[in-house]
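To start, the structure under review is shown below, and the notes come after it.
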């Protein structure tokens, strides 16, 4: 996989979302994936070959394994089968990551026990979505995000502050969810455009300001602290630090 295919950006996730073991022998790709996952709030453990991966699994069970197919000492297929053969890791979510694109290869990967199979190259947005889907299925991902006195129930699609219901438009909802997943981090307008609208949609940077203003109006009642911090020449953050 070409490391440049991954987007160097913060991804949609809150802090302390669990541990991911990344098994990959390409140093530049490993660095890129680790950077993005840690920016997304995950704790990341790494291994560069099969033996190290098995040792990491024995020492500390992660919440998910991101597993390369081709490794120096054994294949990802072999590792996945070993994971499934152990009672303590039999239900561990595994995503197989490989440059092999033939249908029979994907069938082999899934038959070995992998929960998902992603071909290289892929974007970090795609990888992050697959990870979140598997963690939700495994019961690891949270259903409620919170910061200070603001909560967002993802199942009920309901936002509250101090028990007061907050009415949000679809885009403001996405902004609030993103900020709650990434509290106290500053994001530029360009970061927010990418994370809220995606790479293929052209939106003017100043549009971000419009939606931030609407989010503030919905979020902040009389005498409540403005939790959306504007950082001059940098962007916005969800924070309790005074403006």
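Taking the range 163-189 only, how many residues are outside any loop (DSSP other than H, G, I, E, B) and out of contact with any helix residue (DSSP H, G or I) (no Cβ under 7 Å at 6 or more places or on another chain)?
9
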Looking only at the range 32-52, and only at residues there that are over 15 Å from the mean Cα position of the chain (by Cα) and part of a helix (DSSP H, G or I), the one that is nearest to residue 80 (Cα to Cα) | 50
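So that you can scan it fast, the table gives a plain yes or no per residue for (1) surrounded by fewer than 17 Cβ atoms within 10 Å (Cβ to Cβ); (2) farther than 30 Å from residue 92 by Cβ; (3) touching a residue at least 60 places away in the same chain (Cβ under 8 Å):
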position: 138; (1), (2), (3): yes, no, yes
position: 169; (1), (2), (3): yes, yes, no
position: 172; (1), (2), (3): no, yes, no
position: 176; (1), (2), (3): no, yes, no
Within the range 35-49, considering residues that are closer than 22 Å to residue 121 by Cα and at pLDDT below 90, the one surrounded by the fewest Cβ atoms within 10 Å (Cβ to Cβ) = 38
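Here's the yes/no breakdown for (1) within 23 Å of residue 32 (Cβ to Cβ); (2) surrounded by fewer than 19 Cβ atoms within 10 Å (Cβ to Cβ); (3) under 14 Å from the mean Cα position of the chain (by Cα):
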| site | (1), (2), (3) |
| --- | --- |
| 126 | yes, yes, yes |
| 185 | yes, yes, no |
| 195 | yes, no, yes |
| 205 | no, yes, no |
Taking residue 174, is it modelled with pLDDT of 90 or more and under 18 Å from residue 128 (Cβ atoms)?
-> yes
Counted residues in the range 53-64 being surrounded by fewer than 24 Cβ atoms within 10 Å (Cβ to Cβ), touching a residue at least 12 places away in the same chain (Cβ under 8 Å) and part of a helix (DSSP H, G or I) come to 3
Residue check for residue 176: over 19 Å from residue 226 (Cβ atoms) and in contact with a strand residue (DSSP E or B) (Cβ under 8 Å, 6 or more places away or on another chain) = no
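Identify all residues within the range 205-226 that are assigned to a loop (DSSP other than H, G, I, E, B) and either touching a strand residue (DSSP E or B) at 6+ places or on another chain (Cβ under 6 Å) or at pLDDT below 85 (or both); write none if there are none.
Within the range 205-226, the first condition is being assigned to a loop (DSSP other than H, G, I, E, B), and the residues that meet it are 205, 220-226.
If the condition is that a residue be assigned to a loop (DSSP other than H, G, I, E, B) and either touching a strand residue (DSSP E or B) at 6+ places or on another chain (Cβ under 6 Å) or at pLDDT below 85 (or both), then 205, 221, 222, 223 are the ones that fit.
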Only one residue in 154, 145 is in contact with a helix residue (DSSP H, G or I) (Cβ under 6 Å, 6 or more places away or on another chain), more than 30 Å from residue 69 (Cα to Cα) and at pLDDT below 90, so which one is that?
-> 145
Out of all the residues in the range 89-109, which are assigned to a loop (DSSP other than H, G, I, E, B), out of contact with any strand residue (DSSP E or B) (no Cβ under 8 Å at 6 or more places or on another chain) and at pLDDT below 85?
-> 102
Working carefully through the options 233, 218, find the one that is surrounded by 15 or more Cβ atoms within 10 Å (Cβ to Cβ) and over 23 Å from residue 127 (Cβ atoms).
-> 218
Residue within the range 110-120 that is assigned by TED's automatic domain parsing to the domain that holds residue 24, closer than 18 Å to residue 34 by Cβ, modelled with pLDDT under 80 and not in a helix (DSSP H, G or I) present | yes
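Given 67, 134, which one is part of a strand (DSSP E or B), in contact with a strand residue (DSSP E or B) (Cβ under 7 Å, 6 or more places away or on another chain) and either farther than 19 Å from residue 26 by Cα or modelled with pLDDT of 80 or more (or both)?
Residue meeting the stated conditions: 67.
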Are there any pairs with C-beta distances below 6 angstrom linking a residue in the range 186-197 that is closer than 10 Å to residue 208 by Cα to a residue that is surrounded by fewer than 18 Cβ atoms within 10 Å (Cβ to Cβ), with the two at least 6 apart or on different chains, and if so which?
-> 189/205; 193/203
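The values are calculated or read from the model by the stated rules, or taken from the named source; none is laboratory data. The model shown is predicted, which means the values in this text are computed figures rather than measured ones. Note that each Cβ is placed from the backbone with ideal geometry, even for glycine, and that neighbours are counted across all protein chains shown.
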